[in-house]
Structures are given as C-alpha cells and as structure tokens.
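Data block below; observations after.
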Amino acid sequence: MAKRGGYPGMGMPGNMNNLMKQAQKMQRQMEENQKALEEKEFTAAAGGGAVEVTVTGKREITKVKLSEEVVDPDDIEMLEDLIVAATNEALRKVEEESAAVMSKMTGGLGGLGGLGGGFPF
C-alpha cells in the first residue's frame, strides 16, 4: 500500500516541536551569554602600562588611567596615540570574547547564512 501525500518526515509534528524547543533554549542561552558579556569589563594598556583603558562588553569606556610621566605638554600626540591604542586593544578583547562565546554556542559554525556570527533573534 502506498503512502499518501507529502514528503518523508512531514507527518511528524513531534520533531518540529523538539526543534522549536531547542531553538528557544538556544535563544535563551544566547541572551544570557550576551547579558553576561555586557556586564564584563575589559582592560588594556599601552606604552608599557602608561595608559590603561577599561571598556564594558557594551563597548562603553568606563575608565582611562594615565601615569604621570606620560602626561607631557610638549608631546600631546604621543598621549593621544597611546589612548587610541589602549582603547582599540580593549575593544579587540571584547570582540574576541564575543566571538568565543558565539563559537561555543554555534559549535564553531560561525557565520551561518552570512549573518557574521550573529543571529537576528
């Protein structure tokens, strides 16, 4: 006797329910991981520790620490460069942690569907 209509596996709504539950669980885990990341702080230094910048996982600068010896009125450009370097390094640390968390969640599949490692939900 021949099966009627549809494609193989289409008559199994339980599988779809399980898939939806797994997707919802993954979404909750991603939201929790994102919140934990946003609450973390990342600090980076430049100039051998003369300049230190701290940013949050939300990419907000919360602290800039300067050593006295780096504050030279005759060389403002060096201080500016050190602040930029420390800030960029701290932001790189945030990106690195974010990518590591996403990689763990997606099993290392990264940019599924060209979404750049993130999911729209």
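Contact list please: Cβ distance under 6 Å, first residue in segment 58-84 and farther than 14 Å from THR43 by Cβ, second residue part of a helix (DSSP H, G or I) and not hydrophobic (A, V, I, L, M, F, W, C), pairs at least six apart or on different chains.
Between residues of segment 58-84 that are farther than 14 Å from THR43 by Cβ and residues that are part of a helix (DSSP H, G or I) and not hydrophobic (A, V, I, L, M, F, W, C), the close pairs are LYS58/GLU38.
Could you name every one of the strands (runs of 3 or more DSSP E) located completely within segment 31-87 that has at least 2 residues being touching a strand residue (DSSP E or B) at 6+ places or on another chain (Cβ under 8 Å), surrounded by fewer than 17 Cβ atoms within 10 Å (Cβ to Cβ) and not aliphatic (A, V, I, L, M)?
41-46, 61-66
Yes or no, residue by residue, for (1) more than 30 Å from ASP75 (Cβ to Cβ); (2) touching a Ser or Thr at 6+ places or on another chain (Cβ under 9 Å); (3) in contact (Cβ under 8 Å) with a residue 12 or more places away in the chain; (4) among the basic types (Lys, Arg):
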residue: MET16; (1), (2), (3), (4): yes, no, no, no
residue: LYS21; (1), (2), (3), (4): yes, no, no, yes
residue: GLN24; (1), (2), (3), (4): yes, no, no, no
residue: GLN27; (1), (2), (3), (4): yes, no, yes, no
residue: GLU32; (1), (2), (3), (4): yes, no, no, no
residue: LYS40; (1), (2), (3), (4): yes, yes, yes, yes
residue: ALA46; (1), (2), (3), (4): no, yes, yes, no
residue: ALA50; (1), (2), (3), (4): no, yes, yes, no
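Where a number appears in this text, it was derived from the coordinates with a stated rule and is not lab data. Only a predicted model underlies this, so the values are computations on that prediction, with no experimental measurement involved. Backbone-built Cβ (ideal geometry, glycine too); neighbour counts: all protein chains shown.
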